[in-house]
Amino acid sequence: MQLCRFNDNRLGLVEGDRVKDVTAALKILPASHYPLPTYDLMIANLPAVRAEVEKLAKDAKVLALADIALLSPVANPGKIVAAPVNYKKHLEEAQTDPALHHQNKVAEIQRVGLFLKATSSLRGASEDIIIRHPDRRTDHEIELVAIIGTKCDRATRENAMSHIAGYCIGLDITVRGPEERSLRKSIDTYSVMGPYMVTADSVKNPDNLSFELTVNGEPRQKANTSDLIIGIADLIVFASAYYTLMPGDLLMTGTPEGVAPIVPGDVIDARIDQLGSMKVKVR
Ligand code: MN
């Protein structure tokens, strides 16, 4: 199943280039009161939401995917967990190019571990990236994102994948420089998720997905998730060894070689096999 969030927080069932408005499925979510949960309510209740979506689909209003404004498929992730330098060729380019490493020693992911991006940086495919520091080099990074579905504390390699609700495309927009990654990558609009969530049962072999990113039609990044240094299951084991993953947490799995600058006016086209494609404007 492919689920999008669109326009004024509506929920859509994506079928090809059409979207069925199944917003009423969200009525089954439990009422929440202060303090609000630190996880995403829709993802935490996804099996029940899906059952409602299936009931509503046959009579739902149909829209064109091209006509709606896509929001992040997860509204309220508690955390955005991200993997640095998780493709070998990106590690090599980061270690050799001073414009990328800025005299920081770029160590392999097994040594540096993971980092967190502020959830306030989250945007959807139709919400533009707004360059905040035009004087600084700002790069695109395309990444496969795993959306955590169930609470996950110290996962094992055997059960890790069972905690995934679905997948989407992520853009980890990055200011280059000497500061900590969490600062340079947490700027408002610098975590773009989309175009929609594809539920895990609909994705065949997430460890072998081709993907590519172009800017204004020019090829920049092209790789396959089979090139990941630490694969998806082991990233979940790694992350949950330190903190409990919760429904809706977003796991950005890392970017391959080919990172390069973006400037206002650019249009990024990002696509991953089985997960669709999205065009994102830079302002
Ligand atoms: Mn990244």
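The numbers here are math on the coordinates, done by the rules we state, and not lab data. Note that the structure is predicted; figures quoted are calculated from it, not measured. Backbone-built Cβ (ideal geometry, glycine too); neighbour counts: all protein chains shown.
Please list 3J(HN,Hα) in residue order for the stretch 243-256, calculated via the Karplus relation 6.51 cos²θ - 1.76 cosθ + 1.60 where θ = phi - 60°; whole Hz, with x for glycine and proline.
Once rounded to whole Hz, the list reads 9, 6, 7, 10, x, x, 4, 10, 10, 8, 8, x, 10, x.
Run the reach check for K79 against lysines, Cα to Cα strictly under 30 Å, same-chain hits fewer than 8 apart removed. What comes back?
Partners found: K20, K27, K88, K89, K105, K117, K151, K185, K204, K222, K279, K281.
Long-range amide H contacts for R18: which residues qualify at under 5 Å (H placed 1.01 Å from N, peptide plane, sequence gap of 5 or more or a different chain)?
HN-HN under 5 Å from R18: L65.
Assuming R0 = 35 Å, can you tell me the calculated FRET efficiency for the pair R137 and E108, based on Cβ-Cβ distance, to the nearest 0.05? Show your work: numbers first, answer last.
Working: r = 23 Å, r/R0 = 0.66.
Computed FRET efficiency for R137 and E108 comes out at 0.90.
How big is the Kirkwood radius of the stretch 2-67, worked out from every pair of different alpha carbons and given in Å to one decimal? Provide the component values of the computation, followed by the final result.
Values: mean 1/r = 0.0799 Å⁻¹.
Evaluated over the stretch 2-67, this radius sits at 12.5 Å.
Taking amide hydrogens as modeled 1.01 Å from N in the peptide plane, which residues meet the under 5 Å criterion relative to G166, leaving out close sequence neighbours?
For G166, whose amide H was placed from the backbone, the distant partners under 5 Å are I147, A200.
Along the stretch 16-21, what does the Karplus equation 6.51 cos²θ - 1.76 cosθ + 1.60 (θ = phi - 60°) give for ³J(HN,Hα), rounded to whole Hz, x for Gly and Pro?
For the stretch 16-21, the Karplus curve yields x, 9, 10, 10, 9, 7 Hz.
Using the Karplus curve 6.51 cos²θ - 1.76 cosθ + 1.60 with θ = phi - 60°, what ³J(HN,Hα) values do you get for each residue of the stretch 159-165, in whole Hz, with x for Gly and Pro?
9, 4, 5, 5, 8, 8, 7
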